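Accompanying notes for the structure given below.
The values are calculated or read from the model by the stated rules, or taken from the named source; none is laboratory data. On a predicted model such as this, the values are computed, not experimentally measured, just so you know. No Cβ is skipped: glycine too gets one built from the backbone with ideal geometry, and neighbour counts run over all protein chains shown. Calculation scope for accessible area: heavy atoms of the full protein, side chains included, ligands and nucleic acids excluded. Shrake-Rupley method; radii C 1.70, N 1.55, O 1.52, S 1.80 Å.
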Amino acid sequence: LMSLDLDSFKRINDTFGHIAGDSVLVAAANALRSQIRDEDKMCRVGGDEFLIVIRNCADRSTLLKMAKRILSAIDEIRPPGFPANLSASLGISTSEQCRTVHDLLSGADVALYRSKRAGGGRATIFDAS
């Protein structure tokens, strides 16, 4: 499970308005959709946060490659009038360490906030230790 949060999204909404924010959300959703496989699922869970369910992929290196592609696609979004490209933080949890849906969600959320605290624009895989 990947949990993605757009960095600095509140600043876009506050500076340029909700219509600009909505167009950024649409661009982000399209960028995400372009980087996931047909068997994977994604949804917006609120605000500027998205969840991506990755099926049949327990290999950490493949997950990190996918995360890198996703972050690169988000990084290519340049909101009009915004002084920088968009970036995102990503948290990843796997069924290796998380046995229930609640654990997957919680693990991805913990990893997401670790990415944010490390400066954003990166992916972190949840580690229970």
Exercise. Identify, please: which residue in region 81-109 is open to solvent by less than 50 Å² (accessible area, probe 1.4 Å) and polar (S, T, N, Q) and is, among those, farthest from HIS18 (Cα to Cα)?
Worked result: THR94
For this session: Select, from ASP7, ASP59, ASP14, the only residue that is open to solvent by less than 30 Å² (accessible area, probe 1.4 Å), at negative phi and not small (Gly, Ala, Ser).
Result: ASP7
Exercise. In region 110-124, how many are in contact (Cβ under 8 Å) with a residue 40 or more places away in the chain, open to solvent by 30 Å² or more (accessible area, probe 1.4 Å) and over 23 Å from ILE77 (Cα atoms)?
Worked result: 0
Exercise. ASP59 passes all but one of (1) closer than 21 Å to PHE126 by Cβ; (2) touching a residue at least 24 places away in the same chain (Cβ under 8 Å); which number fails?
Worked result: (2)
Problem set entry | Residues that are assigned to a helix (DSSP H, G or I) and touching a residue at least 24 places away in the same chain (Cβ under 8 Å), drawn from region 25-52 | ALA27, ALA28, ALA31, LEU32, SER34, GLN35
For this session: Evaluate the following for LEU63: is it of a type in the set (A, V, I, L, M, F, W, C) and not in a helix (DSSP H, G or I)?
Result: no
For this session: Output the number of the condition that PHE82 fails; it satisfies all remaining conditions of (1) at pLDDT below 90; (2) out of contact with any Phe, Trp or Tyr (no Cβ under 8 Å at 6 or more places or on another chain); (3) among the aromatic types (Phe, Trp, Tyr).
Result: (2)
For this session: For ALA73, state whether it is touching a Phe, Trp or Tyr at 6+ places or on another chain (Cβ under 8 Å) and closer than 17 Å to SER8 by Cα.
Result: no
For this session: Would you be able to tell me the number of residues in region 45-56 that are at pLDDT 95 or above and open to solvent by 80 Å² or more (accessible area, probe 1.4 Å)?
Result: 0
Exercise. Does LEU64 meet the test of being within 20 Å of GLY47 (Cβ to Cβ) and open to solvent by 30 Å² or more (accessible area, probe 1.4 Å)?
Worked result: no
Exercise. For region 94-125, how many residues meet the condition of being closer than 11 Å to LEU1 by Cβ, in a loop (DSSP other than H, G, I, E, B) and either at pLDDT 95 or above or among the aliphatic types (A, V, I, L, M) (or both)?
Worked result: 0
Exercise. Identify, please: which residue in region 76-108 is under 13 Å from ILE12 (Cβ atoms) and polar (S, T, N, Q) and is, among those, nearest to the chain's Cα centre (by Cα)?
Worked result: SER87
Exercise. What about ARG69, is it basic (Lys, Arg), free of Cβ contacts under 8 Å to residues at least 60 places away in the same chain, open to solvent by 70 Å² or more (accessible area, probe 1.4 Å) and assigned to a loop (DSSP other than H, G, I, E, B)?
Worked result: no
Exercise. Can you name every residue in region 43-62 that is over 16 Å from the mean Cα position of the chain (by Cα) and hydrophobic (A, V, I, L, M, F, W, C)?
Worked result: CYS57, ALA58
